[in-house]
Structures are given as C-alpha cells and as structure tokens.
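The values are calculated or read from the model by the stated rules, or taken from the named source; none is laboratory data. Predicted model, so just to flag it, every value in this text is computed and none were measured. We place every Cβ from the backbone using ideal geometry, glycine too, and count neighbours over all the protein chains shown.
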Amino acid sequence: MNTTDLIERVEEEFDSKSVAIIGVGLVALGFLLTLRKRMSRDVEEGELPPIIIKSGSFVVESDVDLYQPPQSPNTYKRRGFGEIRGVRVFVTNEITGRAKSYDFDDRNGIEVDIRLQKHTPSGWIDINPLVTIRSETNSGTTKDFVLTIGKKISKKGHPKPGRRYRYVDDDSDNIRFGQIVVRENDGGGMPFVSKDSEDYIIAFYNYLI
C-alpha cells in the first residue's frame, strides 16, 4: 500500500467515524507508514495495485472499468487483466490501530473467496453464495479478472488517479467480511477469519509482488 492509499483511507475514516476513532485512524496511519518501510517485497513508490476490494461495505476499485456480461448479472470482469499473480491482504483493527499485511505470490495464479456476513438482531449470519475472484480465459488468448458476487454492485463515488472506477454494493444491510480464503496454485495461501472491528483491503496484482 503506498502513501496515497493510506491518506485516502484516513480521509474515508473522517467521513464515517467519531472523533475518537479519527484519532485512532491517525495512529494507524503512522503505524502503516512505518510498516510499509519494513515490508521486504513492497512495490515501488507510487505504483498502485490495479484492483482493490475493501470491507466495511463491499467496494471494488479498478484501473479499468468492469464489464458485466448480460447473461451473468452477478459477474463483473476486468477484461484483459491476465493471471492474478500477486495478492496483498491488509488487516487493520479499528480500535487498537494495529495493522498487518500479508503477501501472496504465484506465477501460475491465485484465487480468493470472500464470505460476506450481514448483521441481524441475533448476530452475524452468512450471506450465500461466496464471493469468488478468479482469472479465467476469455474468448481470446488472454485472461480476465472475474468477480462473482450474489449482490448487486453499482458504479459510485469519485474517480481516483490510477484506479478510476469504483463499485459499491447497493444494499443497505450492515455487512462485513466474515472470512477471506487466499489460495495459491502451488498449494500455498491461508484463511482469514474476521474479528469484531477488523477492516480489510485486498489488493490484486497481475505481476509478482
């Protein structure tokens, strides 16, 4: 995550959190800036991931507009993306400000599943089906980034340099990422099980990170 992304993240916190949480967000910013300097496989300064997915609601930001096949209303494609070769998962505790990042590399491809949950009076319950993110061969010789989700997402928000297109889920439900599973083609990867007050950003790269 580069400095620009971190600043944008804190600005978003300004719009949605109380003054106390804003203070925590500033602490998290300092922590993440320090963490970035220590990451051994970080991308070059100023180089943005082509696609990110954020929790809190369900937000997708992409460098190229997403295509929705008429015959598959729950599928969104970033055409010509190629293989998903790198995934970086950022996990931030909104209460303590503690943040971690996890890198995954595989030249032959990475898949990601997200289990969304919605809040009810009896607690968090799973939303079916799973959100799946894959690279799939298109009608030509290249591959597309393919996101399948059982919810409607629509283009909203202000464009940003590097990722000019932003999609957000249309529902008013209070949702969270209940679980994230990252699978590398070579057998690596790991699951992330959400805890209260955890926030996630998943960055997708079409090159090794």
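Of all residues in the range 102-110, one or more are farther than 14 Å from ASN174 by Cα and more than 19 Å from the chain's Cα centre (by Cα).
For ASP113, the stated conditions do not hold, so it cannot be described as touching a Gly at 6+ places or on another chain (Cβ under 7 Å), surrounded by 15 or more Cβ atoms within 10 Å (Cβ to Cβ), touching a residue at least 60 places away in the same chain (Cβ under 8 Å) and not hydroxyl-bearing (Ser, Thr, Tyr). Does ILE125 satisfy the criteria of being among the aliphatic types (A, V, I, L, M) and surrounded by fewer than 13 Cβ atoms within 10 Å (Cβ to Cβ)? Yes; evaluated as a whole, the condition is true for this residue.
Pairs are defined by a Cβ separation below 6 Å, a sequence spacing of at least 6 or placement on different chains, a first member in the range 189-209 that is closer than 17 Å to ARG78 by Cβ, and a second member that is surrounded by fewer than 18 Cβ atoms within 10 Å (Cβ to Cβ); the pairs so defined are ASN206/GLY82. Please determine whether any residue of the range 99-121 is of a type in the set (S, T, N, Q) and touching a Ser or Thr at 6+ places or on another chain (Cβ under 6 Å). The answer is no; no qualifying residue exists.
Kindly establish whether TYR76 is at pLDDT 90 or above, among the aromatic types (Phe, Trp, Tyr), surrounded by fewer than 17 Cβ atoms within 10 Å (Cβ to Cβ) and in contact with a strand residue (DSSP E or B) (Cβ under 6 Å, 6 or more places away or on another chain). In short, no. Checking each residue in the range 129-148 for being more than 19 Å from PHE204 (Cα to Cα) and in contact with a strand residue (DSSP E or B) (Cβ under 9 Å, 6 or more places away or on another chain) picks out only PRO129.
Considering the range 134-153, the residues that are under 16 Å from the mean Cα position of the chain (by Cα) and not in a loop (DSSP other than H, G, I, E, B) include one that is modelled with the lowest pLDDT, namely ILE153. Determine which member of the set LEU29, LEU48, LEU6 is crowded, with 18+ Cβ neighbours inside 10 Å, farther than 24 Å from SER194 by Cα and at pLDDT below 90. Within the list LEU29, LEU48, LEU6, the selection yields LEU48.
The combined condition, being modelled with pLDDT under 95, among the acidic types (Asp, Glu) and surrounded by 15 or more Cβ atoms within 10 Å (Cβ to Cβ), is not fulfilled by ASP186.
Within the range 184-209, the set of residues being of a type in the set (Ser, Thr, Tyr), under 12 Å from VAL87 (Cα atoms) and assigned to a loop (DSSP other than H, G, I, E, B) comprises TYR207 only. Put simply, of ASP103, ASP15 the only residue that is surrounded by fewer than 19 Cβ atoms within 10 Å (Cβ to Cβ) and at pLDDT 95 or above is ASP103. Scanning the range 154-183 for residues being of a type outside the set (Val, Ile, Thr), in contact with a Leu (Cβ under 7 Å, 6 or more places away or on another chain) and either modelled with pLDDT of 95 or more or in a strand (DSSP E or B) (or both) gives a total of 5.
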